[in-house]
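> Let me give you the structure first, and then I'll get to my questions.
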Protein chains: 2
Amino acid sequence: MNGNPTSQVLDIRDHIFLIDCGEGTQVQLRKYRVKFSRINHIFISHLHGDHFFGLPGLISTFQLLGREKELHLYGPEGIKEAILLLLRVGNSWTSFPLVFHELKETEPEVIFEDAKVKVMTIPLKHRVYTNGFLFSEKHRERGLNMEAVARYRIDKAYFKNIKKGKDMVLGTGEKIPNAELTFDPPDPKVYAYCSDTAYDETKVPLIEGADLLYHEATFLTSEEQLAAKTGHSTAAQAAQIAKKAGVKRLLIGHFSTRYKDKTLFLEEAGEVFPAAELAEDGKVIEV
Amino acid sequence: MNGNPTSQVLDIRDHIFLIDCGEGTQVQLRKYRVKFSRINHIFISHLHGDHFFGLPGLISTFQLLGREKELHLYGPEGIKEAILLLLRVGNSWTSFPLVFHELKETEPEVIFEDAKVKVMTIPLKHRVYTNGFLFSEKHRERGLNMEAVARYRIDKAYFKNIKKGKDMVLGTGEKIPNAELTFDPPDPKVYAYCSDTAYDETKVPLIEGADLLYHEATFLTSEEQLAAKTGHSTAAQAAQIAKKAGVKRLLIGHFSTRYKDKTLFLEEAGEVFPAAELAEDGKVIEV
């Protein structure tokens with residue numbers, strides 16, 4: 001394969017985000033039963049084949065499936081010209097809107113935001129213009145303590161304000177502090193996706209404390225010079241970034257096909273950062 | 001998948017020709033152990049995704065494998081712009097020459113020829129400019145009857161002329177007719193590839209008597225109108241073409257994914273042309 005085709009599906013607060021789209025991604029999506037109709041946002045890190053040659057075919061398939069909804073594509077400048085040319089030479093088109101968000105900033109920027117989720121770019125250091133992506137959940141509302149609201153006979157009409165953290169004043173004038181009526185919501189989760197990139201500490205503040213960091217590890221330390229030359233990282237370097245950023249867990253992937261034994265990557269990363277795991281085809285990770 | 005990705009490998013007289021290159025072709029090539037280094041000529045019928053979205057990735061893989069030999073690409077005008085743009089947006093290049101043979105004729109033309117093989121276009125009727133391809137072996141030399149040449153004690157130096165069909169005059173003045181010294185060579189084989197196309201009899205004279213015809217059969221007769229509308233054929237129509245052209249065998253494929261039971265295609269074609277077979281993933285056919 002051309003390198004090792006990369007694609008990830010992120011299921012976050014009502015969104016299915018597709019991150020990168022190497023050749024054959026649509027086959028994998030079918031295999032793992034991802035609903036095509038739920039994909040509305042695709043984030044492309046850079047325009048190397050193993051990260052985006054599956055995109056034209058996926059767009060064609062959306063068309064065949066009768067899609068009508070907008071499809072948002074985030075990727076480096078040039079992605080629009082490439083996709084539109086491929087459609088044009090085939091005298092093809094889409095009956096759904098293709099909304100391109102072309103990226104060219106070299107500083108982190110917010111590229112998607114709604115009430116529940118925010119997506120920022122993580123500028124990376126590779127042979128071509130490349131961005132990683134930081135996916136952050138926003139704070140959720142507090143959880144209602146149903147037992148407590150029943151005890152105080154509080155009407156449904158007040159639930160919305162209570163979940164926002166407000167105290168409750170009963171008809172009797174008695175004030176019930178919010179803490180008695182609600183539970184803390186789960187902490188918002190943060191996922192950082194960093195591929196492809198050379199070792200580069202400038203991104204550390206941005207990804208600090210992330211719940212999960214995916215970081216490419218194309219090579220082992222024995223090929224550290226080759227990694228630097230080709231704009232890639234070693235497993236040890238990926239682990240260094242994880243350690244410096246104090247993330248909770250590290251997922252490494254994008255291994256060069258030159259290595260038969262992937263466990264060497266885990267061993268190398270694990271020495272620096274124990275909470276490391278290998279990205280594998282079809283692997284599902286709960287954060 | 002976007003339609004049904006198509007790719008065929010033709011092993012003909014020292015050449016490995018790749019015909020069309022849908023997404024995922026390189027995965028299939030690896031699966032069936034086709035040597036990438038033996039592929040020097042790729043023929044693309046038309047620029048719909050299911051016939052060429054695997055080409056950019058295959059070219060990238062050739063680059064990764066350190067290819068240095070020329071790669072010849074035959075396909076509709078526009079293929080060069082598309083491939084070069086995809087390389088350019090990724091800041092990529094090939095260290096081997098990419099030789100584009102862009103096609104725009106609407107009459108059959110010879111696009112490849114050497115001492116052993118000739119390739120002609122078969123203009124097809126589809127929604128975009130499309131060519132099928134006619135692969136013809138040239139006549140082989142006559143086979144040497146080793147027993148006979150030994151009996152007459154004929155020196156090796158004469159073998160070349162004998163295989164060309166010449167008679168032999170011995171030192172004694174005795175003339176040995178060529179027929180005594182040689183066997184008839186196998187008949188040169190002809191393979192006609194026709195995808196994608198609406199029903200169109202104009203190609204019949206061109207493919208007449210072919211040893212094997214691959215003809216698309218996207219639909220069944222029940223969807224004949226849809227076939228006409230989308231520039232495709234039914235299984236019965238593919239069989240009609242085979243019958244009219246008097247080919248020896250028919251291979252049908254490119255079935256719409258709407259049909260679960262592929263044997264219906266075989267039944268429908270078989271009623272018109274009994275020597276019909278289904279094209280299937282990884283199927284190997286000896287001609």
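Bear in mind these aren't lab numbers, they're just calculated from the coordinates by the rules spelled out. Owing to the predicted nature of the structure, the values given are computational and were not obtained by experimental measurement. FYI the Cβ positions are ideal-geometry reconstructions off the backbone, even for glycines, and counts take in every protein chain you see.
> May I ask you to list the residues in the stretch A:248-287 that are surrounded by fewer than 18 Cβ atoms within 10 Å (Cβ to Cβ) and of a type in the set (Asp, Glu)?
Across the stretch A:248-287, the qualifying residues are A:Asp261, A:Glu267, A:Glu271, A:Glu277, A:Glu280, A:Asp281, A:Glu286.
> I'd like to check which strands (runs of 3 or more DSSP E) are fully inside the stretch A:88-191 and have at least 2 residues that are without any contact (Cβ under 8 Å) to a residue 60 or more places away in the chain.
A:98-103, A:110-113, A:117-124
> For the stretch A:29-83, enumerate the residues that are of a type in the set (Lys, Arg), part of a helix (DSSP H, G or I) and within 14 Å of chain B (Cβ to nearest Cβ).
Hits for the stretch A:29-83 are A:Arg30, A:Lys31, A:Lys80.
> If you take the residues in the stretch A:62-87 that are in contact (Cβ under 8 Å) with a residue 12 or more places away in the chain and charged (D, E, K, R), which one is surrounded by the most Cβ atoms within 10 Å (Cβ to Cβ)?
Within the stretch A:62-87, the match that is surrounded by the most Cβ atoms within 10 Å (Cβ to Cβ) is A:Arg67.
> Further, regarding this structure: Please go through the stretch A:183-205 and give me each residue that is of a type in the set (Gly, Ala, Ser) and closer than 19 Å to A:Thr257 by Cβ, ordered by number.
Selection gives A:Ser195 alone.
> Answer with yes or no whether B:Asp261 is acidic (Asp, Glu), touching a residue at least 60 places away in the same chain (Cβ under 8 Å) and closer than 28 Å to B:Thr25 by Cα.
no
> For the stretch B:47-61, does any single residue satisfy the condition of being of a type outside the set (Phe, Trp, Tyr), free of Cβ contacts under 8 Å to residues at least 60 places away in the same chain and loosely packed, with under 14 Cβ neighbours inside 10 Å?
Within the stretch B:47-61, none of the residues are of a type outside the set (Phe, Trp, Tyr), free of Cβ contacts under 8 Å to residues at least 60 places away in the same chain and loosely packed, with under 14 Cβ neighbours inside 10 Å.
> Scan the stretch A:173-232 residue by residue and report those that are of a type in the set (Phe, Trp, Tyr), more than 17 Å from the chain's Cα centre (by Cα) and either under 29 Å from B:Ser92 (Cα atoms) or surrounded by 16 or more Cβ atoms within 10 Å (Cβ to Cβ) (or both).
Residues satisfying the conditions are A:Tyr199, A:Phe219.
> Could you please find all residues in the stretch B:10-28 being outside any strand (DSSP E or B) and of a type in the set (D, E, K, R)?
Once the filter is applied, which keeps residues that are outside any strand (DSSP E or B) and of a type in the set (D, E, K, R), the stretch B:10-28 yields B:Arg13, B:Asp14, B:Asp20, B:Glu23.
> What are the residue pairs meeting all of these: first residue in the stretch B:4-18, first residue within 19 Å of B:Gly253 (Cα to Cα), second residue of a type in the set (S, T, N, Q) and not in a loop (DSSP other than H, G, I, E, B), Cβ atoms under 6 Å, and 6 or more apart or on different chains?
Qualifying pairs under 6 Å: B:Ser7/B:Thr25.
> Here's another thing I want to ask about it. Across the stretch A:206-235, what is the number of residues that are without any contact (Cβ under 8 Å) to a residue 24 or more places away in the chain and either over 18 Å from A:Tyr259 (Cβ atoms) or polar (S, T, N, Q) (or both)?
Counting residues in the stretch A:206-235 that are without any contact (Cβ under 8 Å) to a residue 24 or more places away in the chain and either over 18 Å from A:Tyr259 (Cβ atoms) or polar (S, T, N, Q) (or both) gives 2.
> Let me ask something else. If you take just the strands (runs of 3 or more DSSP E) that sit entirely in the stretch B:194-287, which of them hold at least 3 residues that are of a type in the set (A, V, I, L, M), within 23 Å of B:Asp11 (Cβ to Cβ) and in contact with a Phe, Trp or Tyr (Cβ under 7 Å, 6 or more places away or on another chain)?
Here the list reads B:249-253.
> Please enumerate the residues belonging to the stretch B:239-253 that are touching a residue at least 40 places away in the same chain (Cβ under 8 Å) and in contact with a His (Cβ under 8 Å, 6 or more places away or on another chain).
Selection gives B:Ile241 alone.
> Residue by residue through the stretch A:100-120, note down the ones that are surrounded by fewer than 14 Cβ atoms within 10 Å (Cβ to Cβ) and either in contact with a Leu (Cβ under 7 Å, 6 or more places away or on another chain) or within 12 Å of chain B (Cβ to nearest Cβ) (or both).
A:Glu102
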